[in-house]
Amino acid sequence: MATRSLWRSRAKLAVVATTLCTGAAAAAVATSDDPASAAKLCTTVPVRLLRDATTAASVVFDYQYSLWGLPEGSKERAKIKHEVHLRSARKLQELCFINGGIYIKLGQHIGQLEYLVPQEYVITMRESMLNKCPVSSYDQVCEVFKKELGETPDKVFDEFDREPIASASLAQVHVARTHDGQKVAVKVQHTHMTDTAAADQATVEFLINTLHWLFPSFDYRWLVAEIRESLPKELDFLIEAKNSVKCLENFRKMSPHIADYVYAPEVVWSLTTSKLLTMEFMDGVQVNDVNSIRRLGMQPGEVSKLVSQTFAEMMFKHGFVHCDPHAANLLVRPLPYGKRSIFGKKKPQLILLDHGLYKELDFSTRFSYASLWRALVFSDANGIKEHSVKLGAGEDLYVLFAGIVTMRPWNRVIDPAMDHLVIKDTDSSELQMYASQYFPQISELLRRLPRVILLMLKTNDCLRAVNNSLLQGSSMETFLIIGKVSSEAVVEAKMMQTKSLFSRINIWLEEFLFEARLLALQIALWLLQVRKALT
């Protein structure tokens with residue numbers, strides 16, 4: 001009976017996939033204005049869909065068969081589940097690489113959802129998806145150029161390097177020199193993105209919905225909804241170019257004190273279209289390249305503080321957030337104006353790349369999110385509950401939400417100790433245990449949270465990974481910066497909402513108390529660092 005049931009699940013997937021393959025191909029022919037593209041879809045889409053269904057069926061069968069009859073909580077089940085997770089992650093990795101495009105994007109999302117999906121998936125995807133993306137041939141690059149600018153790259157530019165210096169899920173980057181001598185970076189969209197993006201989006205949705213149907217606790221439909229909303233924007237490089245301009249304008253207007261320390265490449269608008277983005281070439285080192293940072297005369301700790309402050313300003317003050325800040329999208333260089341720290345070290349400048357994925361936080365969400373982080377930094381249990389509920393976690397799951405935001409168990413979140421949010425080396429296994437134990441509750445929380453908050457969680461995970469690389473662990477200074485910026489944002493928001501002098505005085509007094517507490521924490525941290533240096 002058991003075996004028959006397992007094969008029935010596999011058969012269901014095959015039948016649905018066959019129907020979907022035929023329907024998608026027919027729809028492509030019926031709706032396409034380009035016969036060549038339609039023919040290409042008819043040959044590639046069914047193959048990709050069948051590949052998807054086969055992988056999904058294999059993963060489902062492996063879980064059901066391998067775990068059949070093993071008691072919950074037993075060591076044997078835990079061991080076998082780890083092996084199945086690993087096998088399934090590798091199957092998904094292989095599928096992402098073969099299909100490319102949106103599938104790579106999906107793999108990157110999974111690799112950044114630390115402790116929200118099994119660790120085996122996170123590690124497998126993170127190790128491969130950022131640095132081993134497929135590369136389009138030079139002929140395919142020429143095809144894009146002809147469609148967008150009417151000429152091949154060697155005619156458009158004085159020099160054009162045929163080999164890309166980087167390749168990502170949606171595009172690759174080439175170095176070129178314009179006819180007036182400017183060195184530029186040219187981002188070229190992969191040709192297959194235009195051909196199969198809509199169909200791939202539908203198949204990814206099919207895969208995740210099917211897995212949810214077979215395993216109700218596996219509910220990552222929010223990820224499909226996010227890809228559906230964000231992908232069209234990421235595929236339009238004119239939107240990306242405008243995002244980069246708006247980002248720098250926000251720093252100049254709302255965060256002038258660090259505007260000089262944050263930079264984005266200037267766009268060459270005359271050579272930019274929806275599928276080609278030409279911008280100033282940037283010399284810098286990747287933000288997690290600690291040795292190169294030191295070699296250039298900068299301190300990794302100063303870079304970490306700049307990264308933390310940059311994104312805290314975006315989240316809590318600007319409400320316009322770069323949501324893909326993994327290490328490949330962040331470069332560092334010495335500040336061009338030659339300023340140095342009091343210790344004679346060069347001050348860093350952070351260069352933000354890949355502005356395709358941004359999220360806007362409305363006033364209410366931005367205020368609640370800033371208030372939540374201020375409460376987290378100061379171990380304010382009532383404030384954490386109040387603002388977690390306002391952000392959509394609910395009164396039943398706000399404790400879990402606080403744990404996911406900080407990657408700390410609740411008893412540490414509300415611990416008044418100065419370093420209560422700093423993640424220790426021993427915390428990793430504890431967090432993985434909680435993630436496994438509360439997987440259904442985590443799935444429910446992710447289902448109910450607004451997608452903009454889910455993107456903030458992803459952004460936090462990216463930033464945490466960057467800071468861990470720079471500091472070899474998390475740092476108290478990061479949270480002091482978050483506490484300061486979030487507190488300033490809360491005060492600014494409250495001031496905007498009241499005209500009463502009495503209310504404003506109360507807000508100023510409240511802010512003074514928070515600033516005093518932050519100063520006390522900073523002094524305590526400084527004394528601790530001095531003591532360590534002396535011993």
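The values are calculated or read from the model by the stated rules, or taken from the named source; none is laboratory data. Just so it is clear, the structure is predicted and the values come from calculations on it, not from any experiment. Glycine gets a Cβ as well: all are built from the backbone with ideal geometry, and neighbour counts include every protein chain shown. Side chains are part of the model used for accessible areas, which takes the heavy atoms of the whole protein and leaves out ligands, DNA and RNA. Shrake-Rupley method; radii C 1.70, N 1.55, O 1.52, S 1.80 Å.
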Within region 481-493, does at least one residue satisfy the condition of being touching a Pro at 6+ places or on another chain (Cβ under 7 Å) and at pLDDT 90 or above? no
Cβ pairs under 6 Å, 6+ apart, first in region 293-321 and closer than 18 Å to L471 by Cβ and open to solvent by 30 Å² or more (accessible area, probe 1.4 Å), second modelled with pLDDT of 95 or more and assigned to a helix (DSSP H, G or I): none
If a residue counts only when it is within 16 Å of Q108 (Cβ to Cβ) and in contact (Cβ under 8 Å) with a residue 60 or more places away in the chain, which helices (runs of 4 or more DSSP H) contained entirely in region 126-227 have at least 3 such residues? 191-214
Pull up region 149-160, narrow it to residues that are over 13 Å from D139 (Cα atoms) and open to solvent by 70 Å² or more (accessible area, probe 1.4 Å), then point me to the one that is nearest to the chain's Cα centre (by Cα). E159
Any idea which of (1) open to solvent by less than 60 Å² (accessible area, probe 1.4 Å); (2) at pLDDT 70 or above is the one I505 doesn't satisfy? (1)
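Look through L276, L231, L248, L235 and report the one residue that is hydrophobic (A, V, I, L, M, F, W, C), farther than 30 Å from I442 by Cα and at pLDDT below 95. Spell out how you get there, then give the answer.
On the way: L276 fails: at pLDDT below 95; L231 fails: farther than 30 Å from I442 by Cα; L248 fails: at pLDDT below 95.
Every option except L235 fails the conditions.
Which one is modelled with the lowest pLDDT among residues in region 312-328 that are part of a helix (DSSP H, G or I) and touching a Cys at 6+ places or on another chain (Cβ under 9 Å)? Spell out the reasoning first.
Taking region 312-328 first, the residues part of a helix (DSSP H, G or I) are 312-318, 327-328.
In the following step, the residues that additionally are touching a Cys at 6+ places or on another chain (Cβ under 9 Å) were identified as 314, 318, 327.
Details: M314: 97, H318: 97, A327: 88.
Once the filter is applied, the top-ranked residue is A327.
Collect the residues in region 452-502 that are part of a loop (DSSP other than H, G, I, E, B), closer than 23 Å to P416 by Cα and open to solvent by 30 Å² or more (accessible area, probe 1.4 Å), keeping them in residue-number order. Working first, answer last.
Initially, region 452-502 is screened for residues part of a loop (DSSP other than H, G, I, E, B), giving 472-475, 498-500.
Cutting the leftovers down to closer than 23 Å to P416 by Cα gives us 473-475.
Correct list: S474 only.
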Starting from residues that are closer than 30 Å to K345 by Cα, hydrophobic (A, V, I, L, M, F, W, C) and part of a helix (DSSP H, G or I), keep the ones in region 238-292 and report whichever is most open to solvent (accessible area, probe 1.4 Å). M254
Going by the conditions given, is H109 closer than 24 Å to L455 by Cβ and open to solvent by 10 Å² or more (accessible area, probe 1.4 Å)? yes
So the check is Cβ under 9 Å with 6+ separation or different chains; which pairs have a first residue in region 89-105 that's open to solvent by 40 Å² or more (accessible area, probe 1.4 Å) and a second one that's basic (K, R)? F97/K132; I98/R48; I98/R51
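Somewhere in region 209-217, is a residue within 29 Å of F145 (Cα to Cα), out of contact with any Asp or Glu (no Cβ under 6 Å at 6 or more places or on another chain) and of a type in the set (S, T, N, Q)?
So the first thing to find is which residues in region 209-217 are within 29 Å of F145 (Cα to Cα), and the list is none.
Among the residues of region 209-217, not one is within 29 Å of F145 (Cα to Cα), out of contact with any Asp or Glu (no Cβ under 6 Å at 6 or more places or on another chain) and of a type in the set (S, T, N, Q), which makes the answer no.
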Single unsatisfied condition, L331 versus (1) at pLDDT below 95; (2) assigned to a strand (DSSP E or B): (1)
Conditions (1) in contact with a Phe, Trp or Tyr (Cβ under 9 Å, 6 or more places away or on another chain); (2) free of Cβ contacts under 8 Å to residues at least 24 places away in the same chain; (3) of a type in the set (S, T, N, Q) -> S274 fails only (2)
In region 405-429, anything of a type outside the set (G, A, S), at pLDDT below 70 and open to solvent by 50 Å² or more (accessible area, probe 1.4 Å) is listed as K424, D425, T426
Answer yes or no: is there a residue in region 167-177 that is at pLDDT 95 or above and small (G, A, S). yes
For residues that are open to solvent by 30 Å² or more (accessible area, probe 1.4 Å) and assigned to a loop (DSSP other than H, G, I, E, B), scanning just region 50-69, find the one that is modelled with the highest pLDDT. W68
Only one of (1) closer than 21 Å to E234 by Cβ; (2) surrounded by fewer than 21 Cβ atoms within 10 Å (Cβ to Cβ) fails for L207. Which number is that? (2)
